[in-house]
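Report on the following structure.
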Amino acid sequence: MAETGSVGEVPQAAQKVVGPFVRRATEVHEVQPLVSYYCYLYAAQLILESQLHLQDESVAEYIEVLLTQVENDRKAIEESAPAIAQLLKEKDKSFKLVLGFSMQILNKAVKEIDSHLCTKRTVQSLMAFKDFVEVTKLWPEFYQTHEEEIAKQVKYAKYHSGRILKALKNGDDPNDFITESDERELEQLLDEPENGVNEGETELDLPEPPAKLPEEPTIHLPTAPALIKGQKNSLGLPTAPESTQVETPPPALPEKPKVEVSRVDTPIKESVKPVPPSNGTVLSKEQVEEIWKRDEVISKAQKHAKFAISSLNYNDVENAIHELQEALKLLRGD
């Protein structure tokens, strides 16, 4: 059966599972072809691991389209960019590539939050980071060493995404928010001793009073400094906040992990259906029906074999055995 449809047309039954990763792959397909390739590959792995293709016919058809996209993208990378294609063979560097790309997106959003310049686009960046960083699960041996740090970063992204969207929905300013850097500056101000006197040094060494009081001197006091509305005072203290509402502090943003980092699996090539030879003899209706029936059985068996190979690429031996058994049943006529 010929493959139809576009890789972007994710079936409803698989939308929740792979929709975000197919969308991200499409977004960066031209500017980051290797990252796009890994997003498609991760989406295919999710379908095969969840066995959605065995539960829904539309997903079974879509996985063929998706695997073809993965294979075509890999060939395009190998033919047009040999240097980049070398990363397909090096798991640690591929992991580092996807994780580094994800962190670039997160750092941009963090800068906007700390500078009180966040907008709806900041939310989009945070959600994109969350999707891209999940693709690093393609390489579990490297992902596990960074799992704790990544979990904290994802928690940070979810917190601020919800906070900003809630503020925008309610017509509030999403930048009316005390960030961690704001809190650190405030703590430093509170910790500074007044007039340079450290806490505890309050006892003064006063001189003895004189035996005879001198004539009263003329004292020239300086004028008090004027405080101009809207201008910073000489102490550099911050102005009072317009709102007294206190929000729950966000989760701490962890330091960037030391990235070390690829699991690249060989895409599956589509088998070509055999065409029965023709010797010019006109076939009967029964013979034609028999040929069509045999071709249909072979086509279905090829699909099961294809899924079995895909499962082996992901070390899913149990599913590979199941697929091969189904192919044998078809060929034996069971």
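The table below lists the values:
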read-out: Meets criteria (open to solvent by 40 Å² or more (accessible area, probe 1.4 Å) and modelled with pLDDT of 95 or more) for Arg74; value: no
read-out: Exclusive hit being polar (S, T, N, Q) and open to solvent by less than 50 Å² (accessible area, probe 1.4 Å), set Gln51, Gln69; value: Gln69
read-out: Sole residue being in a loop (DSSP other than H, G, I, E, B), at pLDDT below 70 and not hydroxyl-bearing (Ser, Thr, Tyr), chosen from Pro217, Pro174; value: Pro217
read-out: Of residues in the stretch 128-147 being aromatic (Phe, Trp, Tyr) and either in a helix (DSSP H, G or I) or under 14 Å from the mean Cα position of the chain (by Cα) (or both), the one nearest to Phe21 (Cα to Cα); value: Phe132
read-out: Residue count for the stretch 148-179, restricted to those that are over 23 Å from the mean Cα position of the chain (by Cα) and either over 18 Å from Arg121 (Cα atoms) or outside the structural domain of Val123 (by the TED database) (or both); value: 1
read-out: Residue among Lys96, Lys120 that is under 26 Å from Ala83 (Cβ atoms) and over 9 Å from the mean Cα position of the chain (by Cα); value: Lys96
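So that you can scan it fast, the table gives a plain yes or no per residue for (1) more than 19 Å from Ile150 (Cβ to Cβ); (2) touching a Gly at 6+ places or on another chain (Cβ under 7 Å); (3) surrounded by fewer than 16 Cβ atoms within 10 Å (Cβ to Cβ):
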{"site": "Ala85", "(1), (2), (3)": "yes, no, no"}
{"site": "Glu90", "(1), (2), (3)": "yes, no, yes"}
{"site": "Lys96", "(1), (2), (3)": "no, no, no"}
{"site": "Gly100", "(1), (2), (3)": "no, no, yes"}
{"site": "Met103", "(1), (2), (3)": "no, no, no"}
{"site": "Asp114", "(1), (2), (3)": "yes, no, yes"}
{"site": "Arg121", "(1), (2), (3)": "yes, no, yes"}
{"site": "Gln124", "(1), (2), (3)": "yes, no, yes"}
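The values are calculated or read from the model by the stated rules, or taken from the named source; none is laboratory data. Just so it is clear, the model here is predicted, and its values are computed rather than measured. Backbone-built Cβ (ideal geometry, glycine too); neighbour counts: all protein chains shown. In case anyone asks, the SASA skips ligands and DNA or RNA and just uses the protein heavy atoms, side chains included. Shrake-Rupley method; radii C 1.70, N 1.55, O 1.52, S 1.80 Å.
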